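Single-structure report; data block below.
The values are calculated or read from the model by the stated rules, or taken from the named source; none is laboratory data. Quantities reported herein were computed from a predicted structural model and do not represent experimental measurements. Here the Cβ positions follow ideal geometry from the backbone for every residue, glycine too, while neighbour counts run over all protein chains shown.
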Amino acid sequence: MRSVMPADPLSDLSLDEIEARAVPLLDPGVLAYYAGGAGEERTVADNRAAWGRRRPVPRVLTGTGTASTRGELLGAPLELPVLAAPTALHAIAHPGGEAATARACAAAGTVMVLSMMGSARPAAIARAAPEGRRWLQLYVLRDRGATDALVDEAVAHGFEALVVTVDTPIMGMRPREERSPFALPPGVEQPVVGDAAARTGVAPERFFADLVDPALGWDDLEALVARAPLPVLVKGIHHPDDARRAVDAGAAGVIVSNHGGRQLDGVPATADLLGPAVAAVGGRVPVLVDGGIRRGIDVCVALALGADAVLVGRPVLYGLAAGGQAGVEAVLDRLRRELAGALVLLGCGDLAAARGITLWS
Ligand SMILES: Cc1cc2nc3c(=O)[nH]c(=O)nc-3n(C[C@H](O)[C@H](O)[C@H](O)COP(=O)(O)O)c2cc1C
């Protein structure tokens, strides 16, 4: 007799359905923090809509019956061109926290980008998923010594790259968050923020007000790249001239991002910003993009517009809330299957072929 394994309840769900499972499980303040954006959330909505405004046109009779989602990024293999974006505080989604996310990313063969505002420190992520690929996101602090100490920890624990976020000189105004504040539950910490605050005698809650350098310039980026023992990707690029300038400053990659619509409401969707940024970079370094990517076909559109890979933020948090490590695995596996299927139907056997997809817009 054949034994039938019980179906994983999340494995057949779309990212929207996984989000719907997560929402009732989250504290209202945490949900407002995760889901919310700046202002009236026009950019949050447009990030998502803009992928759908571009329609990839299938090519037929290409002899393509299967597609590979495998590629390479910064010289190392990637099973899926979808990375986990840096997002703060995974432990308020699920007790497994960033360690669970790191294990799920390792299982999917993709990179986890750990936020410096995370509820785990770099060393803990390395312990949780030693075989996984990991990058560290940082905000440049006024206290450059604190920034350097964090970079040293990342290097010591096998992080491959730094992601410097440059779109947050101040926090965006987020009415949903302001209306529903939440307190960190007992036992949840932000160890890296805590260390930096302790070094300078500043309260950790004043991270953006007092610790992050709000007046960062291109010279600071150049100095950071020159000092950094790891490749530096610049996250939060909107304008094509800034994309070019980041590469001139030594960036090893550019991430087109409006912070998931959480900074300035009314800025363009990232699908609209991507093409000009790709043209400005001119193939010198990889270009990544995030914001509103929820379907395999969105990934196809990003690849067709010239992205080398994409990142997803909120879907990882919802996967984590809905099912811990298995929930994040379900999110990444769903995107992998949707992407592979879409590639076949578009007549592309691999990611390189996706660059040639015609977009009907
Ligand atoms: C709850 C939350 C926390 C975030 N924290 C950070 C962070 O600490 N550092 C950072 O660079 N970006 C942060 N982001 C932005 C993400 O890295 C990413 O740009 C964005 O979520 C992508 O949009 P998506 O959520 O629609 O996929 C955060 C986003 C969310 C939703």
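When the residues of region 122-152 are filtered to those that are part of a loop (DSSP other than H, G, I, E, B) and more than 14 Å from the ligand (Cβ to nearest atom), which remaining residue is surrounded by the fewest Cβ atoms within 10 Å (Cβ to Cβ)?
Among residues in region 122-152 that are part of a loop (DSSP other than H, G, I, E, B) and more than 14 Å from the ligand (Cβ to nearest atom), the one surrounded by the fewest Cβ atoms within 10 Å (Cβ to Cβ) is Glu131.
Filter region 27-80 down to the residues that are of a type in the set (Val, Ile, Thr) and surrounded by 15 or more Cβ atoms within 10 Å (Cβ to Cβ), then identify the one that is nearest to Ile92 (Cα to Cα).
Looking at residues that are of a type in the set (Val, Ile, Thr) and surrounded by 15 or more Cβ atoms within 10 Å (Cβ to Cβ), I get Val30.
What tally of residues in region 46-88 results from selecting those that are touching a helix residue (DSSP H, G or I) at 6+ places or on another chain (Cβ under 8 Å) and under 19 Å from Glu177 (Cα atoms)?
1
Tell me which of these Glu177 doesn't satisfy, since it passes every other one: (1) part of a helix (DSSP H, G or I); (2) modelled with pLDDT of 95 or more; (3) within 13 Å of the ligand (Cβ to nearest atom); (4) among the charged types (D, E, K, R).
Exception for Glu177: condition (2).
If Trp51 meets every condition in (1) in contact with a strand residue (DSSP E or B) (Cβ under 8 Å, 6 or more places away or on another chain); (2) more than 9 Å from the ligand (Cβ to nearest atom); (3) within 29 Å of Met116 (Cβ to Cβ) apart from one, which number is that one?
Result: Trp51 fails condition (1) only.
Please count how many residues of region 86-110 are away from the ligand (no atom under 13 Å from the Cβ), buried (at least 24 other Cβ atoms within 10 Å of the Cβ) and not in a helix (DSSP H, G or I).
The qualifying residues number 1.
Looking only at region 92-120, which residues are touching an Asp or Glu at 6+ places or on another chain (Cβ under 7 Å) and either free of Cβ contacts under 8 Å to residues at least 40 places away in the same chain or under 24 Å from Pro214 (Cα atoms) (or both)?
Ala106, Gly109, Leu114, Gly118, Ser119 - these are the residues of region 92-120 that are touching an Asp or Glu at 6+ places or on another chain (Cβ under 7 Å) and either free of Cβ contacts under 8 Å to residues at least 40 places away in the same chain or under 24 Å from Pro214 (Cα atoms) (or both).
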